[in-house]
Amino acid sequence: MLGAVYGDIIGSWYEAHSTNDYNFPLLKQSEFTDDTVMTTAVCKAILENDSDIKSLQVKARGYEYAVRYKQYYSYFPHAGYGHMFRKWAAEKNTMKVNRSYGNGGAMRVVPIGYAYSLEEQVLLQAKANCYYTHNCSEAIKGAQAVAMAVFMARNGETKDAIREYITKKFKYDLDYTVADIKPHYQFYVRTINSVPPSIVAFLDSHDYESAVRNAVSLGGDADTMACIAGGIAEAFYKDILEEIKSFCSSRIDMTLKKVLNEFCEKYC
């Protein structure tokens, strides 16, 4: 599950210094961003409220996630959040519903793909994760697609099976390679423009590192796309180079690391 966080850290430098070079320097002056903070918030929500699927209502569980989002935003208010989320998270004593179509709902769902054992659970939790911040069909679909890719990858499904499921279930076109789109790809935060290429970055890889390099070298929303691709890749390949682990682990705040490690011990 830490593959998502490591992807965020590696990609953070290249969000502001975009590159199309696959062989970019991997371990730059990187740091964790809102992707890591919100992924940790999802971990905390799951650890504290591991609800029974039979009694789960999306709105109720969405509230549990949203409380953690606001809590962790208050711990790390300068981690690089989008304008809509930052405005929502900073408001106290209110829990209004945002309808953003950005990729924020998808960037933080990797833990959901690990924590739940049934497809129905994963889809429902991914939707609940979006309820208060990204209550938009496009954003929900993106979050569900990423969570299911992680779920299938960790359960030993092939890349062809993952591609086929996501294509049919979410109507995503994944029939291309990173090289096909790199010449004209731009910086997008909208879900439909950034989540499918992030999944393709994984599908077009041969190990964890190549998945992250694929995502970053598209020259787009590098930290979020590497977070998504890296999260799926670790679930699939189940291995990350020690050099990457050591560097990225040193960049994570201890408050976050404690929760991430607790989650990994229980669910990974």
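Read-outs: derived from the displayed coordinates by stated rules, not from any lab. In this text the structure is predicted, and so the values were computed from the model without any measurement. So basically every Cβ, Gly included, is an ideal-geometry build from the backbone, and we count neighbours across all protein chains shown.
List pairs: first in region 152-171 and touching a residue at least 12 places away in the same chain (Cβ under 8 Å), second surrounded by 17 or more Cβ atoms within 10 Å (Cβ to Cβ) and in a loop (DSSP other than H, G, I, E, B), Cβ under 7 Å, 6+ apart or cross-chain?
Arg163/Leu174; Ile166/Tyr172; Ile166/Leu174
Just to be sure I understand the filter: pairs with C-beta atoms under 6 Å, separated by 6 or more residues or on different chains, first member in region 129-146 and within 26 Å of Asn93 (Cβ to Cβ), second member aromatic (Phe, Trp, Tyr) and not in a helix (DSSP H, G or I). Which pairs pass?
Cys136/Tyr101; Ala139/Tyr101
Any residue in region 142-150 that is closer than 21 Å to Ala4 by Cα and more than 14 Å from the chain's Cα centre (by Cα)? Let's see the steps before the verdict.
Filtering region 142-150 for residues closer than 21 Å to Ala4 by Cα gives 142-150.
Filter again for more than 14 Å from the chain's Cα centre (by Cα), leaving none.
No, region 142-150 contains no residue that is closer than 21 Å to Ala4 by Cα and more than 14 Å from the chain's Cα centre (by Cα).
Of all residues in region 107-166, count the ones that are over 22 Å from Cys268 (Cα atoms) and of a type in the set (Val, Ile, Thr).
3
Report every pair of residues separated by at least 6 positions or lying on different chains whose Cβ atoms are under 7 Å apart, first residue within region 13-26 and farther than 12 Å from Val212 by Cα, second surrounded by fewer than 12 Cβ atoms within 10 Å (Cβ to Cβ).
These pairs meet every condition: Trp13/Gln29.
Restricting attention to region 84-104, and to residues there that are among the small types (Gly, Ala, Ser) and either closer than 16 Å to Val67 by Cβ or in a loop (DSSP other than H, G, I, E, B) (or both), which single residue is farthest from the chain's Cα centre (by Cα)?
Here is the first cut: in region 84-104, the residues among the small types (Gly, Ala, Ser) are 89-90, 100, 102, 104.
Among the residues that remain, those that are also either closer than 16 Å to Val67 by Cβ or in a loop (DSSP other than H, G, I, E, B) (or both) are: 89-90, 100.
Working: Ala89: 19, Ala90: 22, Ser100: 16 Å.
The residue in question is Ala90.
Conditions tested, residue by residue: (1) of a type in the set (Phe, Trp, Tyr); (2) more than 20 Å from Ile9 (Cβ to Cβ); (3) part of a loop (DSSP other than H, G, I, E, B).
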site	(1), (2), (3)
Ala149	no, yes, no
Glu164	no, yes, no
Tyr176	yes, yes, yes
Ile181	no, yes, no
Ala235	no, no, no
Cys248	no, no, no
Ile252	no, no, yes
Leu260	no, no, no
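From the list Tyr69, Tyr75, pick out the single residue that is surrounded by fewer than 16 Cβ atoms within 10 Å (Cβ to Cβ) and aromatic (Phe, Trp, Tyr). Walk me through it before giving the result.
Details: Tyr69 fails: surrounded by fewer than 16 Cβ atoms within 10 Å (Cβ to Cβ).
Just one listed residue meets the conditions, Tyr75.
Do you know which residues across region 226-245 are buried (at least 24 other Cβ atoms within 10 Å of the Cβ), of a type in the set (A, V, I, L, M) and out of contact with any Gly (no Cβ under 7 Å at 6 or more places or on another chain)?
Ile228, Ile232
On the given criteria, is Tyr63 over 30 Å from Tyr165 (Cβ atoms), among the hydroxyl-bearing types (Ser, Thr, Tyr) and surrounded by fewer than 24 Cβ atoms within 10 Å (Cβ to Cβ)? I'd like the intermediate steps shown before the answer.
Working: over 30 Å from Tyr165 (Cβ atoms): no; among the hydroxyl-bearing types (Ser, Thr, Tyr): yes; surrounded by fewer than 24 Cβ atoms within 10 Å (Cβ to Cβ): yes.
No: the conditions fail for Tyr63.
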